[in-house]
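A short reminder: the numbers here are calculations on the coordinates, not readings from a lab. Since the structure is predicted, the reported quantities are computational estimates derived from the model, not experimental observations.
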Amino acid sequence: MKTDKRTQLLKILSDASQSISSAALANMLGTSERTVRNYIKAINEEGKAVITSSRDGYRLESHTTSLDTLPNEAESRVWKVLSDLLTSKEGVNAFDEAEALYVSSSTILNTVIPQVKEIAKEYDLRIESQKYQFYLRGSEQNRRKMIGSLAVRNTYGFFNSKDALEQLFPSQDIDGIMQELFTTCQESKLFLNDFALNNLLIHILVILIRLNIGNELDDKEPPISVDELLASSQDREDIVNLADMISANFEQK
């Protein structure tokens, strides 16, 4: 019976052109919303299909017996946990993450968390745990380095990095901030090639996002001397003017 219901669930999602809520799925299957969530969890665990969730409901991303799509799904789990670690000062709970991702707690503990630890380690950050609660530890400066690097990794161009940042910070208006930054840089007299502009915008964006969610540099962290950084730059005046333009623009918000 369960297998038949799961097949029906996959058929409904496969035929749908948009996400479907758990209440609607429960009604169509003649079961409870909790049972629907259990079906989805089981389907994702089996690896024969990938069902993702959002505020709009559930969507079938892939339906295959091949393992080719699993790395993408595994990667999305890592991004979700990373996002929660970056935005929550109270840490994340393994069981809560498992429920949100419709996987088992052992998948979070034995597969996802070890991958998150490896990523954090690259940026002199660490994951600490107390029972089943996990915390991201390290300087704010290194957190920003990690976010900036993740945003441009395997992406090409500033606006392609938007998807990466939206995954990490779903509550932020990434698109709006990006558009304003891009316009401000275009209005400045500073000439930048596409690669340099991309990197500059991403790193400014990361700073703005972190400030928006209340994460400032720690007083213990060594200050970065702007004068020293720009001492040998021929574009010093234009860079300072651009910084002033960005500051003035976002202070008005």
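Quick notes on this structure:
- Averaging 1/r over each pair of different alpha-carbon atoms in region 82-135 and inverting the result gives 11.2 Å, the Kirkwood hydrodynamic radius.
- For the residue pairs LYS117/LYS145; LYS41/LYS117; LYS11/LYS41; LYS41/LYS89; LYS5/LYS80; LYS41/LYS131, the alpha carbons lie more than 21 Å apart in LYS41/LYS117; LYS41/LYS89; LYS5/LYS80; LYS41/LYS131.
- Net length gained if the chain between ARG34 and LYS131 were fully extended (0.36 nm per residue, minus Cα distance): 32.2 nm
- Each Cα pair of region 2-63 feeds into the Kirkwood radius, which the Stokes-Einstein equation turns, at 10 °C and 1.306 mPa s, into a diffusion coefficient of 141 µm²/s.
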